[in-house]
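Nothing in this text is a laboratory measurement; each read-out follows from the coordinates by a stated rule. Predicted, not measured: the structure shown is a model, and the values here were computed from it. Don't worry about glycine lacking a Cβ; one is built from the backbone with ideal geometry, like all the others, and counts go over all protein chains shown.
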Amino acid sequence: MSDKKIPWRDLACSRQCILADGGPFSLTNLYTHSGLFSALIYRGITHNSSFLHAERKIFFRDWDDWNSIYSAAKARKNPDGLMSENDVDKYFADGCAYGTWTRRRPVSAVDYWRAVQHPELTDWLLKRQKPAFSWLYQLFKEGLVMIAGTRRSETKKAFPGLGALQAYVLAADYAIAGAAEFPTRFEMGELLIGDLQNAGAMKGLKSLGFQPTTGVEAGDAFFEVHDYVTNFIPKVLQERMNFNLFTTEHILCKESRLNIRPFKDLQLVWNQLSTAEKKVVYNEWVTYWL
């Protein structure tokens, strides 16, 4: 539930799990084939899955390592073999992990392992090139590999299961880890008005009264909100939640998901408070999180 509701990106359950020591974003594993392979499995398969939350497996040395762990977990989940393959897959991959249902399957892991053997898909990481955010996003979303065994130059998607939103959040993971640049105002605006125009962040901006029609307007609107949130949240809390511009994007995404009865009731109570009362509540909130 916290993956879909909590506005603090790196404090949600799946992110807390994947950021643990020994995971793909820890310094010892960050710039490796295995680290990239594990990060792809996380974003393309196991994010918000029962497998991730229950077994907390976050790092896989190679395909054989993943397949061994996957096969053992599969046998435990379906010891008598009566469950359908589709139902078993749901334990490892939540099709609604990012909101709208998308096809996510454990079998994609073999494509990920093959993809990370291609220098054109991995040099940015292994050689610590720290690419521009938009470049990395496009790589995850549009990267191609040759189909083995074909006579003609046929290609297929290198990272199945990574659509626009999944490619964006994986690129964001690497920016936060220090392996890629953060998006510029222009890049963020182009994403919001383009590939992510139907995603939660744009819906959040519109619910706040912004109606951007160009990338420049979308970028300006986003950074206006980001500056406001940055000034609102105390520095000590920002440090605890690893606050950055992706946190703001995540907060905007959650704005529509928090449009539920309990939150509406809380908003109603807040709006009825005086300025002095709001200050008291705010200070108590800060003290609680400290």
Sort 198-204, 214-220 by the packing proxy (mean of other Cβ within 10 Å over each peptide's residues), most packed first. 198-204, 214-220
Cα extents of segment 130-193 along the three principal axes, largest first (Å): 44, 26, 17
Could you work out how much longer the chain between Ala54 and His33 gets when fully extended? Use 0.36 nm per residue separation minus the Cα distance between them, nm to one decimal. 5.0 nm
Extended-chain gain in nm, criterion 0.36 nm per residue less alpha-carbon gap, Ala72 and Asp21: 16.1 nm
Under 8 Å for C-alpha pairs, at least 6 residues apart: give me the relative contact order for the chain, rounded to a whole percent. 18
Using a Förster distance of 45 angstrom, determine the FRET efficiency expected from the C-beta separation of Asn231 and Val110, and round it to 0.05. 0.45
Just the Kirkwood number for segment 118-245, please: inverse of mean 1/r across all distinct Cα pairs, in Å, one decimal. 16.3
A student asked for the Cα radius of gyration and Dmax of segment 66-162 in angstrom ought to give 16.5, 49
Set Lys235/Lys279; Lys57/Lys77; Lys203/Lys254; Lys4/Lys77; Lys4/Lys203 screened for pairs whose C-alpha atoms are more than 20 Å apart: Lys4/Lys77
Taking Cα pairs under 8 Å and at least six residues apart, what relative contact order does segment 68-188 come out at, in percent? 23
Show me the helices of the chain, taken as full DSSP H stretches, that run 24 Å or more along their long axis by Cα and average 0.0 or above in Kyte-Doolittle hydropathy. 215-232
Amide H to amide H, which residues 5 or more places from Leu144 or on other chains are under 5 Å from it, using H placed in the peptide plane? Ala158
Please check: in the Gaussian network model of the chain (C-alpha springs, under 10 Å), which one of Thr28, Thr230, Thr100 has the largest mean-square fluctuation. Thr100
At R0 = 51 Å the Cβ-Cβ FRET efficiency linking Gln129 and Ala276, nearest 0.05, sits at 0.45
Taking the Cβ-Cβ separation of Asn86 and Asp64 as r and a Förster radius of 30 Å, what is the calculated FRET efficiency to the nearest 0.05? 0.75
Choose one answer from Trp66, Trp113, Trp101: the residue with the largest mean-square fluctuation in a GNM of the chain with alpha-carbon springs under 10 Å. Trp101
Roughly speaking, what is the stretch gain from Arg240 to Glu154, that is 0.36 nm per residue apart minus the C-alpha to C-alpha distance, in nm to one decimal? 26.2 nm
With just the Cα atoms defining each centre, how far is segment 210-244 from segment 4-40? Give it in Å. 23
Taking only the C-alpha atoms, wrap a convex hull around the chain and report its volume per residue in Å³ as a whole number. 155
